[in-house]
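Please treat every number below as a calculation from the coordinates, not as lab data. Just so we're clear, the structure is a prediction, and the values are computed from it rather than from any experiment. Cβ: placed from backbone, ideal geometry, glycine included. Neighbour counts: every protein chain shown.
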Ligand code: NAD
Ligand code: UD1
């Protein structure tokens, strides 16, 4: 298939691009580079050994989005473009609704105009909120607790409603658990701007000496060691899940939703210990208060994806830490940033 990959220069998008290309699909990247670097594109091509067209386009710009469909004969779309920081979404809800909802509506409008009917969308386990007990299954009620999560849930509902009203479309929402790690080449990986919000990139930056210590948010959760438990999934497993979902979507019609997780939870301390073991570095940490909005435990029931997509995560926590570490060592201050850009050790 010739696949339009929105957000393809981002963390997950770059890995999805590599997985699609490895599987023999053609990839066209659309990204506004608001949270990514252009240098990533050349790295994807280097890993894949193939070139791919890319467009610096904002999905909120409908005519620029439609132009991409005009120029490229697209068979299907993998839609990852969006803003994703929970805290920021609470402070700037308008920006999140505008970017994520309008961007998606414009993409759907352009698809309809050009007769493209297959779409895979990146949703999040955050839609489950804290009303059910894990493991989370796709049929459980949703209850997102912040504007970011609500944009994900609203987009799922948009896709479901449109699929209900039209016989020709095939839409799939993938609810990611906690994607971490990097491509094994060490050329692409998670490269957040500023201080990382998420655990694994923070741990990696402490290990490499860019930050002094990790703050562990909460040591009194009802978990075996008191720290939060999450379902970490290797980003390449996640990327391969997209390839399976896209191929599945191309063979059918309607709307469906799948969890992408391992089904296994790991605590913050388990991540720290595993990272220390694979990196050979000590990770200094201190306990800090719980982070508002965090749940104690989150992990997937991934059996639906296994049953219907024939997909299952195969890489363990050690592989996730090893690959995250390889990327971090090669780019202590991020892609395209020399070690001169310091002064942010905290
Ligand atoms: P990312 O920020 O690295 O990638 C998103 C990409 O989309 C960036 O390259 C950004 O420049 C681009 N983008 C944003 N708005 C755009 C717009 N209006 N037009 C064009 N491009 C735009 O984030 P990621 O971690 O790779 O996440 C990808 C998707 O997966 C996001 O939708 C995110 O909400 C979702 N997701 C991520 C996680 C996670 O832990 N990383 C978990 C669940 C869901
Ligand atoms: C966060 C988002 C969620 C999003 C997911 C994947 C919040 C509240 N939730 O989930 O919406 O879908 O990322 O992008 O932001 N931790 C520390 N110290 C740190 C960072 C994290 O102890 O510096 C702990 C957290 O308390 C949690 C675990 O590590 O127990 C994982 O945190 P994180 O990587 O931010 O992911 P989530 O909170 O699961």
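Quick rundown of the values:
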read-out: Shape box of region 39-162 [Cα atoms, principal axes, largest first, Å]; value: 45, 33, 30
read-out: Cα-based Kirkwood hydrodynamic radius, region 23-97, one decimal, Å; value: 14.2 Å
read-out: Ranked 118, 297, criterion: other C-beta atoms within 10 Å, fewest first; value: 297, 118
read-out: As computed over region 239-280, the Cα convex hull volume per residue (Å³); value: 83 Å³
read-out: Sites residue 286 and residue 38 - FRET efficiency at Förster radius 30 Å, r taken between beta-carbons, to 0.05; value: 0.20
read-out: Net lengthening on full extension, residue 61/residue 306 (0.36 nm per residue, minus Cα-Cα); value: 84.5 nm
read-out: Kirkwood Rh, Cα atoms: Rg over Rh of region 251-340; value: 1.07
read-out: Coordinate range along principal axes, alpha carbons of region 174-217, Å, largest first; value: 33, 26, 16
read-out: Translational D in µm²/s for the chain (Stokes-Einstein at 10 °C, 1.306 mPa s, Kirkwood Rh from C-alpha pairs); value: 78 µm²/s
read-out: Residue-span extension gain [residue 337 to residue 88] - 0.36 nm each, minus C-alpha spacing; value: 87.2 nm
read-out: Zone of residue 294's modelled label, taken as backbone nitrogen in region 213-245 under 18 Å from a point 7 Å along Cα→Cβ; value: 213-233
read-out: Percentage relative contact order, region 207-344, counting C-alpha pairs under 8 Å, at least six apart; value: 37 percent
read-out: Helix-only mean residue ellipticity at 222 nm for the chain, each DSSP H run of n ≥ 4 adding -39500 (n - 2.57), per residue, nearest 500; value: -11000 deg cm²/dmol
read-out: Spacing of the two label points (7 Å from each Cα toward its C-beta) at residue 316 and residue 133, in nm; value: 2.8 nm
read-out: Distant alpha-carbon pairs in region 181-289 (separation over 22 angstrom), percent; value: 44 percent
